[in-house]
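**Student:** Please see the structure below; I have some questions.
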There are 2 protein chains.
Amino acid sequence: MRKPIQKRTIKTRAKLLSAAEEVIRHGGYEALRVEEVVKAAGVAKGTFFAHFRDKDALMEILIADKLNACLDQAQSETPPKTVPEIIASLEPVHEFMTSERYVFDLLIRYSGATAIADIGPIAYCFERYFRVVMMWLETAEMRKDVPSELLAEGVQAFAIQAMSLQYCALHSATTFTDRLETYLDAWLTPAG
Amino acid sequence: MRKPIQKRTIKTRAKLLSAAEEVIRHGGYEALRVEEVVKAAGVAKGTFFAHFRDKDALMEILIADKLNACLDQAQSETPPKTVPEIIASLEPVHEFMTSERYVFDLLIRYSGATAIADIGPIAYCFERYFRVVMMWLETAEMRKDVPSELLAEGVQAFAIQAMSLQYCALHSATTFTDRLETYLDAWLTPAG
DNA sequence: ATTTTATATTGACCGTGGTCATTTTTTGAT
DNA sequence: ATCAAAAAATGACCACGGTCAATATAAAAT
């Protein structure tokens, strides 16, 4: 069985990725053009699509990288125990997620896998987010009538809702943090 | 004083809309091509964009129409009182929302307004969904420690989460209805 | 070294959404 | 009826993501 991972291949891929990062550093994610990336990388357009299924696939990789860095940071600190602490710990994650409308939309679109056995890097990020929160909740003083797995899924749902409403003119009175705190208070520590 | 809404205008717009509906009836939403619509409507391409900001704007109108029809239906029946009844009443709405991946993505993308004072038909649908659920909750026996407004926002968040996870290979063990029921039981009637 | 085969790269080309200067039609004033 | 100004329709054109047959390069076999 031949396993020829040519050196050229990883080099070209690396060139494309770093070129894309550079392009994004200048104009943000939304403004990225494939033509610009391949020009900066010094390869032909077709080469790009030999390395990435489509433009979104590249975006997934780059955005998931950044998101994983945010999750690293969140995980490195001492586990939060209260709702405000949880929100504070997740702040860098949410901050990046809503840094650009384009980024948020893409995150949501790829938060679940497109097809079975085709789970992309962003879907893994969401899975990781879920697991990190679940671990926090297990050692925090939250309601115990439902499993912490379910609680963590709810935190994710509410965080997405709160981020979405940031973009919604009909609900722009409250800030993201206030809204999320209201949600999580009601979800994690309901007053019997 | 100038208010010349030419008859021609509404006629052309109507032609475009019904042509689009016809096209969708055949191939679904995702496969719709603007060229096909204008051909079927017997107008030039430029005319399309004189009537709709872009392709998404047309889609918003058509999808919001369908969604409003579903909401009409949900509202016409006797108000549900329990979690399973609420889920059952919303079933046609959720059914349509997830009828096509393309539709679901577009719904989410336009669920909030793109910009202040630029609230599209889909954003209004979400607002309506929220209000309908809130009214149901007010006369149902749910937790009373938080306002029903908040409860309704939560229902929306959980419904979206449950729909999203339908598309996610990492969480495809549970069905949509089961998952949503689990969510709403924990959200609406927490065991002190 | 030479040939063969697998893999990577290329760039002309296509599909489709969206633009805009030009032309056609409608409307209101005379 | 005639004309001027506003509104609507037109279609050639552009931008940009994505394809693919042809070509170039690397690795394996002789």
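**Student:** How much accessible area is lost when chains A and B come together, counting both sides, with a 1.4 Å probe, in Å² rounded to the nearest 100?
**Tutor:** In total, this chain pair buries about 3000 Å².
**Student:** On C-alpha positions alone, give me the angle between the axis of helix A:176-188 and the longest principal axis of chain A, in degrees, nearest 10.
**Tutor:** For A:176-188 against chain A, the angle is about 60 degrees.
**Student:** Taking only DSSP H segments of four or more residues, each worth -39500 (n - 2.57), what value at 222 nm results for the protein assembly as shown once the sum is divided by all its residues, to the nearest 500 deg cm²/dmol?
**Tutor:** Helix contribution divided over all residues of the protein assembly as shown: -22500 deg cm²/dmol.
**Student:** Next up: Among all the lysines, which ones have a C-alpha under 26 Å from A:LYS15's C-alpha, if same-chain residues fewer than 8 places away are not counted?
**Tutor:** Within reach: A:LYS3, A:LYS7, A:LYS39, A:LYS45, A:LYS55, A:LYS66.
**Student:** Then there's this: Rounded to two decimals, what is Rg over Rh for region A:150-192 when you use alpha-carbon atoms and the Kirkwood radius?
**Tutor:** Reported Rg/Rh (Cα atoms, Kirkwood Rh): 1.01.
**Student:** Here's another thing I want to ask about it. Once you have all Cα-Cα distances for region B:1-97, histogram them in 5 Å bins from zero and send the whole-percent values.
**Tutor:** Whole-percent P(r) values from 0 Å outward: 2, 12, 19, 17, 13, 11, 10, 7, 5, 3, 1.
**Student:** Something else: For A:LYS144, give me every one of the lysines with a C-alpha distance below 18 angstrom, ignoring sequence neighbours fewer than eight places off in its own chain.
**Tutor:** Within the straight-line limit of under 18 Å, A:LYS144 reaches these lysines: A:LYS81.
**Student:** Put a point 7 Å out from Cα along the line to Cβ at A:GLN6; what are the distances to that point in the other copies, in nm, shortest first?
**Tutor:** 5.9
**Student:** Can you work out ³J(HN,Hα) from phi for every residue in region B:24-35, in order, using Karplus 6.51 cos²θ - 1.76 cosθ + 1.60 and θ = phi - 60°, giving whole Hz and x for Gly and Pro?
**Tutor:** With coefficients 6.51, -1.76 and 1.60, one gets 5, 4, 7, x, x, 6, 4, 7, 4, 10, 4, 4 Hz.
**Student:** Now a separate question. Can you tell me the accessible area per residue over region A:1-52, all protein chains present, probe 1.4 angstrom, in square angstrom?
**Tutor:** Ligands and nucleic acids excluded, the result is 74 Å² per residue.
**Student:** Continuing with the same structure: With only Lys, Arg, Asp and Glu charged, each at its Cβ (+1 for the first two, -1 for the last two), find how big the charge dipole of the protein assembly as shown is about the Cα centre; round to the nearest 20 debye.
**Tutor:** So the dipole magnitude of the protein assembly as shown works out to roughly 2200 debye.
**Student:** Between A:THR9 and A:GLU95, what is the label-point separation in nm under the 7 Å Cα-to-beta-carbon projection?
**Tutor:** 3.9 nm
**Student:** Here's another thing I want to ask about it. Peptide B:126-137: average number of partner chain Cβ atoms within 10 Å per residue?
**Tutor:** Mean shielding count: 1.
**Student:** Taking one equal scatterer on every alpha-carbon of the protein assembly as shown, how large is log10 of I(q)/I(0) by Debye at q = 0.10, 0.14 1/Å?
**Tutor:** Debye output, listed in q order: -0.75, -1.31.
**Student:** Tilt of helix A:55-76 relative to the longest C-alpha principal axis of chain A, in degrees (0 to 90, nearest 10)?
**Tutor:** Its long axis makes an angle of about 40 degrees.
**Student:** Give the angle, between 0 and 90 degrees and rounded to the nearest 10, that separates the Cα long axis of helix A:148-166 from the longest principal axis of the Cα atoms of chain A.
**Tutor:** Rounded to the nearest ten degrees, it is 70.
**Student:** Starting from the Kirkwood Rh over alpha-carbon pairs, what translational D in µm² s⁻¹ does region B:1-52 have by Stokes-Einstein at 20 °C and 1.002 mPa s?
**Tutor:** Translational diffusion coefficient: 186 µm²/s.
**Student:** I've got another one for you. Taking the label point as lying 7 angstrom from Cα along the Cα-to-Cβ axis, what are the distances from B:ARG25 to the corresponding position in the remaining copies, in ascending order and in nanometres?
**Tutor:** List, nearest first: 5.6 nm.
**Student:** Could you check how much of the accessible area of the protein assembly as shown is carbon and sulfur, as a whole percent, using a 1.4 Å probe?
**Tutor:** Percent of accessible area from carbon and sulfur atoms in the protein assembly as shown: 54.
**Student:** With the label 7 angstrom out along Cα to Cβ, how close does A:ASP118 come to the same site in each of the other copies, in nm, nearest first?
**Tutor:** 3.1
**Student:** Taking 8 Å as the Cα distance limit and 6 or more residues as the minimum spacing, I'd like the relative contact order of region A:1-52 as a percentage.
**Tutor:** Computed over region A:1-52, the figure is 32 percent.
**Student:** Now, a different point. Would you mind checking region A:44-70 for residues with the amide N under 16 Å from a putative spin-label position 7 Å along Cα→C-beta of A:GLU21?
**Tutor:** Under 16 Å, as judged by backbone N against the label point of A:GLU21, lie A:58-70 of region A:44-70.
**Student:** Ok, one more. Calculate the all-directions average of the projected area of region A:53-188's alpha-carbon convex hull, and give it in nm².
**Tutor:** Value for region A:53-188: 8.6 nm².
**Student:** Please give the residues of region A:126-153, grouped as numeric ranges, whose backbone N is less than 16 Å from a label point set 7 Å along the Cα-to-Cβ vector of A:ASN68.
**Tutor:** It comes to A:126-132, nothing else.
**Student:** Let me ask something else about it. Residue by residue, what Karplus-based ³J(HN,Hα) values in Hz, rounded to whole numbers, does region B:94-100 have, using 6.51, -1.76 and 1.60 with θ = phi - 60° and x for Gly and Pro?
**Tutor:** 5, 4, 5, 4, 10, 5, 9
The values are calculated or read from the model by the stated rules, or taken from the named source; none is laboratory data. Keep in mind that this is a model prediction, so the values were computed, not measured. Don't worry about glycine lacking a Cβ; one is built from the backbone with ideal geometry, like all the others, and counts go over all protein chains shown. These area figures cover heavy atoms from the full protein model, side chains too; ligands, DNA and RNA do not enter into them. Shrake-Rupley method; radii C 1.70, N 1.55, O 1.52, S 1.80 Å.
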